[in-house]
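Report on one structure; see the data block that follows.
The values are calculated or read from the model by the stated rules, or taken from the named source; none is laboratory data. Keep in mind that this is a model prediction, so the values were computed, not measured. All Cβ positions, glycine included, derive from the backbone under ideal geometry; neighbour counts span all protein chains shown. Surface accessibility is based on the protein's heavy atoms, side chains included, excluding ligands, DNA and RNA. Shrake-Rupley method; radii C 1.70, N 1.55, O 1.52, S 1.80 Å.
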Amino acid sequence: MQLEVGMVMDAKVTGITNFGAFVDLGEGKSGMVHISEVASTYVRDIHDFISEGQQVKVKIINIYPDGKINLSIKKAQETSQPGRERLPSDRHGTQGRPPRRNFARPAQTASTLSEGPVSFEDMLSKFKQSSDERIADLRHSENNRRSTARSRSRK
(Lines give C-alpha, C1' and ligand atoms only; values in the text may rest on other atoms or scores of the structure.)
Protein backbone atom coordinates (compact mmCIF):
# COMPACT_ATOMS: atom_id res chain seq x y z
CA MET A 1 0.00 0.00 0.00
CA GLN A 2 1.32 3.45 -0.92
CA LEU A 3 1.31 5.81 2.08
CA GLU A 4 0.27 9.42 1.44
CA VAL A 5 -0.06 12.52 3.60
CA GLY A 6 -3.66 12.84 4.78
CA MET A 7 -4.37 9.10 4.90
CA VAL A 8 -6.15 7.81 8.00
CA MET A 9 -5.39 4.24 8.99
CA ASP A 10 -5.30 1.79 11.88
CA ALA A 11 -1.95 1.15 13.53
CA LYS A 12 -0.53 -0.72 16.51
CA VAL A 13 1.50 1.05 19.21
CA THR A 14 4.89 -0.68 19.39
CA GLY A 15 6.75 1.62 21.78
CA ILE A 16 6.22 4.61 24.03
CA THR A 17 8.75 7.28 24.99
CA ASN A 18 8.42 10.47 26.99
CA PHE A 19 8.11 12.47 23.73
CA GLY A 20 5.70 10.25 21.79
CA ALA A 21 4.77 6.81 20.58
CA PHE A 22 6.02 4.61 17.77
CA VAL A 23 3.42 2.70 15.78
CA ASP A 24 3.49 -0.12 13.24
CA LEU A 25 1.68 0.83 10.02
CA GLY A 26 2.01 -2.62 8.46
CA GLU A 27 4.11 -3.77 5.50
CA GLY A 28 7.29 -3.06 7.46
CA LYS A 29 6.49 0.65 7.84
CA SER A 30 6.46 2.50 11.14
CA GLY A 31 5.88 6.07 12.20
CA MET A 32 5.89 8.28 15.23
CA VAL A 33 3.08 10.16 16.99
CA HIS A 34 4.55 13.14 18.86
CA ILE A 35 3.09 13.67 22.34
CA SER A 36 1.46 16.91 21.13
CA GLU A 37 -0.48 14.90 18.54
CA VAL A 38 -1.89 12.28 20.93
CA ALA A 39 -4.92 14.17 22.24
CA SER A 40 -6.67 17.51 21.86
CA THR A 41 -5.95 18.25 25.52
CA TYR A 42 -2.64 18.77 27.31
CA VAL A 43 -0.78 15.46 27.68
CA ARG A 44 1.50 15.36 30.70
CA ASP A 45 1.97 11.58 30.69
CA ILE A 46 1.39 9.77 27.41
CA HIS A 47 0.59 6.56 29.32
CA ASP A 48 -2.68 8.20 30.44
CA PHE A 49 -3.87 8.13 26.80
CA ILE A 50 -2.30 5.14 25.05
CA SER A 51 -0.50 1.94 25.91
CA GLU A 52 1.87 -0.40 24.13
CA GLY A 53 0.06 -2.94 21.94
CA GLN A 54 -3.03 -0.76 21.61
CA GLN A 55 -4.69 -0.33 18.20
CA VAL A 56 -5.09 3.36 17.31
CA LYS A 57 -6.38 5.32 14.36
CA VAL A 58 -3.69 7.66 12.99
CA LYS A 59 -3.49 10.28 10.26
CA ILE A 60 -0.31 10.75 8.26
CA ILE A 61 0.71 14.39 8.62
CA ASN A 62 4.17 14.28 7.04
CA ILE A 63 6.45 11.88 5.16
CA TYR A 64 10.11 12.89 4.97
CA PRO A 65 12.45 11.90 2.13
CA ASP A 66 14.54 9.84 4.57
CA GLY A 67 11.47 7.66 5.26
CA LYS A 68 10.36 9.09 8.61
CA ILE A 69 6.60 9.33 8.99
CA ASN A 70 4.90 11.77 11.37
CA LEU A 71 1.45 10.76 12.56
CA SER A 72 -1.40 12.29 14.54
CA ILE A 73 -4.04 10.56 16.63
CA LYS A 74 -5.97 13.74 17.41
CA LYS A 75 -6.23 14.73 13.72
CA ALA A 76 -7.41 11.22 12.87
CA GLN A 77 -10.20 11.59 15.44
CA GLU A 78 -11.21 14.97 13.97
CA THR A 79 -11.27 13.44 10.47
CA SER A 80 -13.34 10.46 11.60
CA GLN A 81 -16.11 12.80 12.77
CA PRO A 82 -17.34 14.35 9.49
CA GLY A 83 -19.73 17.24 9.81
CA ARG A 84 -18.44 18.09 13.25
CA GLU A 85 -17.87 21.81 13.38
CA ARG A 86 -15.56 23.40 15.89
CA LEU A 87 -17.37 25.55 18.37
CA PRO A 88 -15.87 28.48 20.29
CA SER A 89 -15.83 26.21 23.35
CA ASP A 90 -13.42 23.89 21.49
CA ARG A 91 -10.50 26.11 22.60
CA HIS A 92 -9.35 27.37 19.20
CA GLY A 93 -5.61 27.73 18.99
CA THR A 94 -4.82 26.90 22.58
CA GLN A 95 -3.08 23.58 21.90
CA GLY A 96 -5.19 21.79 24.52
CA ARG A 97 -4.68 24.40 27.21
CA PRO A 98 -7.70 26.02 28.79
CA PRO A 99 -8.40 29.52 27.50
CA ARG A 100 -6.75 32.31 29.46
CA ARG A 101 -9.02 34.50 31.49
CA ASN A 102 -8.44 38.22 31.20
CA PHE A 103 -9.10 39.70 34.64
CA ALA A 104 -8.13 43.20 33.54
CA ARG A 105 -11.16 43.54 31.28
CA PRO A 106 -14.29 44.58 33.19
CA ALA A 107 -17.45 42.58 32.65
CA GLN A 108 -19.53 44.01 29.82
CA THR A 109 -22.91 44.82 31.25
CA ALA A 110 -25.70 46.90 29.76
CA SER A 111 -24.63 49.90 31.83
CA THR A 112 -20.95 49.72 30.75
CA LEU A 113 -21.92 49.25 27.12
CA SER A 114 -24.15 52.31 27.14
CA GLU A 115 -21.45 54.46 28.75
CA GLY A 116 -19.18 54.13 25.71
CA PRO A 117 -15.47 53.37 25.78
CA VAL A 118 -13.89 52.71 29.16
CA SER A 119 -10.60 54.43 29.97
CA PHE A 120 -7.55 52.49 31.03
CA GLU A 121 -7.68 54.11 34.47
CA ASP A 122 -11.28 52.92 34.96
CA MET A 123 -10.35 49.40 33.91
CA LEU A 124 -7.33 49.43 36.22
CA SER A 125 -9.43 50.72 39.11
CA LYS A 126 -12.02 47.96 38.61
CA PHE A 127 -9.28 45.35 38.35
CA LYS A 128 -7.63 46.54 41.58
CA GLN A 129 -10.99 46.52 43.34
CA SER A 130 -11.83 42.98 42.25
CA SER A 131 -8.28 41.85 43.07
CA ASP A 132 -8.52 43.34 46.58
CA GLU A 133 -11.87 41.57 47.07
CA ARG A 134 -10.38 38.23 45.99
CA ILE A 135 -7.39 38.65 48.30
CA ALA A 136 -9.69 39.52 51.21
CA ASP A 137 -11.77 36.41 50.49
CA LEU A 138 -8.64 34.25 50.38
CA ARG A 139 -7.34 35.67 53.66
CA HIS A 140 -10.74 35.18 55.28
CA SER A 141 -10.92 31.53 54.21
CA GLU A 142 -7.30 30.96 55.32
CA ASN A 143 -8.08 32.43 58.76
CA ASN A 144 -11.14 30.18 59.04
CA ARG A 145 -9.01 27.11 58.23
CA ARG A 146 -6.42 28.09 60.83
CA SER A 147 -9.00 28.70 63.55
CA THR A 148 -10.70 25.37 62.76
CA ALA A 149 -7.34 23.58 62.92
CA ARG A 150 -6.51 25.25 66.27
CA SER A 151 -9.86 24.32 67.79
CA ARG A 152 -9.39 20.69 66.67
CA SER A 153 -5.92 20.50 68.18
CA ARG A 154 -7.22 21.76 71.57
CA LYS A 155 -9.73 18.93 71.88
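Find all pairs meeting these conditions: Cβ atoms under 9 angstrom apart; at least six residues apart or on different chains; first residue within segment 30-56 and touching a residue at least 12 places away in the same chain (Cβ under 8 Å); second residue outside any loop (DSSP other than H, G, I, E, B) and aromatic (Phe, Trp, Tyr).
As it stands, the answer is Ser30/Phe22; Gly31/Phe22; Met32/Phe22; Val33/Phe22, since those pairs meet every condition given.
State yes or no: is Val33 surrounded by 14 or more Cβ atoms within 10 Å (Cβ to Cβ) and closer than 14 Å to Lys75 by Cβ? Step through it out loud before you land on a result.
Values: surrounded by 14 or more Cβ atoms within 10 Å (Cβ to Cβ): yes; closer than 14 Å to Lys75 by Cβ: yes.
The answer is yes for Val33.
What pairs can you find where one residue is in segment 64-79 and without any contact (Cβ under 8 Å) to a residue 12 or more places away in the chain and under 13 Å from Ala21 (Cα atoms), the other is part of a helix (DSSP H, G or I) and open to solvent by 80 Å² or more (accessible area, probe 1.4 Å), and their Cβ atoms are less than 6 Å apart, with a gap of 6+ or different chains?
Note: no pairs meet the criteria.
Do we find that Arg152 is open to solvent by 60 Å² or more (accessible area, probe 1.4 Å), assigned to a loop (DSSP other than H, G, I, E, B), at pLDDT below 85 and of a type in the set (D, E, K, R) in this structure?
Details: open to solvent by 60 Å² or more (accessible area, probe 1.4 Å): yes; assigned to a loop (DSSP other than H, G, I, E, B): no; at pLDDT below 85: yes; of a type in the set (D, E, K, R): yes.
Taking the combined requirement at face value, the residue does not satisfy it.
Taking only pairs six or more apart or across chains, which ones have beta-carbon atoms under 8 Å, a first residue in segment 125-142 that is on the phi < 0 side of the Ramachandran plot, and a second residue that is surrounded by 10 or more Cβ atoms within 10 Å (Cβ to Cβ)?
Hits for this filter: Lys126/Pro106; Phe127/Phe103; Phe127/Ala104; Phe127/Pro106; Ser130/Phe103; Ser131/Phe103.
Do you know which of the residues in segment 36-58 that are surrounded by fewer than 16 Cβ atoms within 10 Å (Cβ to Cβ) and of a type in the set (Asp, Glu) is nearest to Met9 (Cα to Cα)?
Glu52
Go through segment 12-28 residue by residue and tally those that are over 16 Å from Ala39 (Cα atoms) and either modelled with pLDDT of 90 or more or in contact with a Lys or Arg (Cβ under 6 Å, 6 or more places away or on another chain) (or both).
Kept after step one, since they are over 16 Å from Ala39 (Cα atoms), are these residues of segment 12-28: 12, 14-15, 24-28.
This time we only want the ones that are either modelled with pLDDT of 90 or more or in contact with a Lys or Arg (Cβ under 6 Å, 6 or more places away or on another chain) (or both), so: 12, 14-15, 24-25.
Qualifying residue count, segment 12-28: 5.
Listed here are the residues, each with its yes/no results for (1) part of a strand (DSSP E or B); (2) among the aromatic types (Phe, Trp, Tyr); (3) touching a helix residue (DSSP H, G or I) at 6+ places or on another chain (Cβ under 7 Å).
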{"residue": "Met1", "(1), (2), (3)": "no, no, no"}
{"residue": "Glu4", "(1), (2), (3)": "no, no, no"}
{"residue": "Ala11", "(1), (2), (3)": "yes, no, no"}
{"residue": "Gly15", "(1), (2), (3)": "yes, no, no"}
{"residue": "Val23", "(1), (2), (3)": "yes, no, no"}
{"residue": "Ser30", "(1), (2), (3)": "yes, no, no"}
{"residue": "Val33", "(1), (2), (3)": "yes, no, yes"}
{"residue": "Tyr42", "(1), (2), (3)": "no, yes, no"}
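Does Lys29 satisfy the condition of being touching an Asp or Glu at 6+ places or on another chain (Cβ under 6 Å) and among the basic types (Lys, Arg)? Quick ask: steps written out before the conclusion?
On the way: touching an Asp or Glu at 6+ places or on another chain (Cβ under 6 Å): no; among the basic types (Lys, Arg): yes.
When the stated conditions are applied, Lys29 does not pass them.
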